[in-house]
Amino acid sequence: MRLTVSTWNINSVRLRIDLVRRFLDEARPDVLCLQETKCPNDRFPLKELQGFGYPHVVFAGQKGYNGVAILSRLPLVSQEAMSFCERQDARHIAAVIGPEAGPAAGITLHDFYVPAGGDVPDPGLNEKFAHKLAFMDELRAWGGRRPGGPAILVGDLNVAPLEHDVWSHRQLLDVVSHTPVETERLETLRGEAGWVDTMRHLRPPPEKIYTWWSYRSPDWAGADKGRRLDHIWVTPDLAGTVRSVTVARHARGWDRPSDHVPVTVELDL
């Protein structure tokens with residue numbers, strides 16, 4: 001069985017719902033995980049998304065900020081939303097693929113939106129950066145070891161951990177998302193819990209991989225000053241099933257795009 005799972009920071013699901021439809025029509029993943037949906041639960045466009053051919057949807061949202069959602073062709077069970085840093089800020093949603101899904105049954109899907117961290121990489125001067133580091137520490141303590149079994153962790157983790165995950169390692173060492181305190185935390189928490197970074201599993205350095213290009217760059221494609229902020233990790237028991245990981249770079253050029261693009265993993269179960 002082929003299982004395809006995509007992740008995308010959509011930067012407002014209501015504003016960009018036509019882009020969601022466009023991507024789903026084009027890529028046809030089995031599962032699409034969204035971040036930064038930016039709408040409260042009572043205004044989430046559930047019926048529209050289900051009408052795109054994804055009847056199974058779980059989501060957690062709030063007004064104007066954050067928000068995560070999982071859209072699936074396959075049945076989902078056991079919905080869960082974890083909170084971090086004593087905040088109810090809609091940064092995680094999880095579900096288990098249901099027993100009717102054949103070889104994919106029992107796989108847990110975790111969808112995360114890690115805080116961006118603001119602009120100043122000093123927790124003493126920037127509360128947003130302090131929050132980001134605290135969030136990552138709690139994520140490390142959780143580790144993904146519960147409830148056990150095969151799992152896929154996706155999302156906008158807001159860290160480009162490796163030298164070749166950014167356009168210039170040297171120039172971005174003091175820029176939030178690529179500072180050593182962030183990159184070391186992310187790689188430590190991933191390694192301790194045994195998560196496998198699927199993109200780098202198949203496409204190791206020195207290949208450059210980006211999933212985000214700033215709105216501040218008027219010529220994002222020509223300058224190509226990107227960062228790999230969006231990730232798909234799997235538990236070790238799924239690592240051998242990973243067949244491809246694709247980055248839909250062209251979606252950054254769509255009309256009124258998100259600054260992130262979809263990333264898709266294909267598993268052969």
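The values are calculated or read from the model by the stated rules, or taken from the named source; none is laboratory data. Here the structure is a predicted model, which means the values were calculated and not measured. So basically every Cβ, Gly included, is an ideal-geometry build from the backbone, and we count neighbours across all protein chains shown. Surface accessibility is based on the protein's heavy atoms, side chains included, excluding ligands, DNA and RNA. Shrake-Rupley method; radii C 1.70, N 1.55, O 1.52, S 1.80 Å.
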So, with a 1.4 angstrom probe, what is the percent of accessible area on segment 40-84 that is carbon and sulfur?
49 percent
Only Cα pairs under 8 Å and at least 6 apart count here; give the relative contact order of segment 84-199 as a rounded whole percent.
25 percent
Return a whole-number percent for the relative contact order of the chain, with Cα pairs under 8 Å and 6 or more residues apart as the contact set.
19 percent
Across segment 13-26, in residue order, what do the Karplus-derived ³J(HN,Hα) couplings come to in whole Hz, using 6.51 cos²θ - 1.76 cosθ + 1.60 with θ = phi - 60° and x for Gly and Pro?
6, 6, 5, 10, 5, 5, 6, 4, 4, 4, 5, 5, 5, 7
Taking every pair of Cα atoms in segment 38-157, average 1/r, invert it to obtain the Kirkwood radius, and report Rg/Rh to two decimals.
1.01
Projected onto their principal axes, the Cα atoms of segment 208-269 stretch, largest extent first, over whole-Å spans of 42, 19, 15
Most mobile of Gly222, Gly61, Gly102 per a Gaussian network model of the chain (Cα springs, under 10 Å)?
Gly222
For segment 256-264, in residue order, the Karplus 3J(HN,Hα) values (coefficients 6.51, -1.76, 1.60; θ = phi - 60°; whole Hz; Gly and Pro = x) are 6, x, 6, 7, 9, 10, x, 10, 10
How much FRET efficiency would the formula 1/(1 + (r/R0)^6) give for Arg243 and Glu207, where r is the Cβ-Cβ distance and R0 is 30 Å, rounded to 0.05?
0.95
Taking the alpha-carbon centre of each part, the distance from segment 45-79 to segment 89-160 in Å is 17 Å
Over the residues of segment 111-269, compute the C-alpha Rg and express it relative to 2.2 N^0.38 Å.
1.03
Estimate the FRET efficiency between Met82 and Ala134 by the formula 1/(1 + (r/R0)^6), using the beta-carbon distance for r and 22 Å for R0, to the nearest 0.05.
0.95
Apply the Karplus parameterisation 6.51 cos²θ - 1.76 cosθ + 1.60, with θ equal to phi minus 60°, to every residue of segment 190-206 and state each ³J(HN,Hα) to the nearest whole Hz, in sequence, with x for glycine and proline.
5, x, 4, 8, x, 5, 9, 6, 5, 5, 7, 4, 9, 10, x, x, x
How many percent of the accessible area of segment 119-225 is carbon or sulfur, using a 1.4 Å probe?
53 percent
Residues whose modelled amide H sits under 5 Å from the amide H of Arg243, counting only those 5 or more places away in sequence or on another chain, are Glu266, Leu267, Asp268
What nm value, rounded to one decimal, do you get for the distance between Asp268 and Leu125 when each label is placed 7 Å out toward the C-beta?
5.1 nm
Taking a 27 Å limit on the Cα-Cα distance, which of the listed pairs Lys47/Lys208; Lys63/Lys208; Lys38/Lys208; Lys128/Lys225 fall beyond it?
Lys47/Lys208; Lys63/Lys208; Lys38/Lys208
Rounded to the nearest 5, the percent of antiparallel DSSP beta bridges in segment 36-191 equals 70 percent
Per residue, what accessible area does the chain have, given a 1.4 Å probe and all protein chains present, in Å²?
42 Å²
Less than 17 Å from a label point 7 Å out along the Cα-to-Cβ axis of Arg22: which backbone N atoms in segment 205-235 qualify, by residue?
212-213, 215, 220-221
How big, in percent, is the set of alpha carbon pairs in the chain lying more than 28 Å apart?
29 percent
Say each of Leu15 and Asp174 gets a label point 7 Å from the Cα, pointing the same way as Cα to Cβ; how far apart are those two points in nm?
3.1 nm
Note on segment 117-209: C-alpha Rg/Rh, Kirkwood Rh, two decimals, gives 0.98
Need the full-extension length gain, Phe52 to His250, defined as separation in residues times 0.36 nm minus the C-alpha distance. One decimal, nm.
69.2 nm
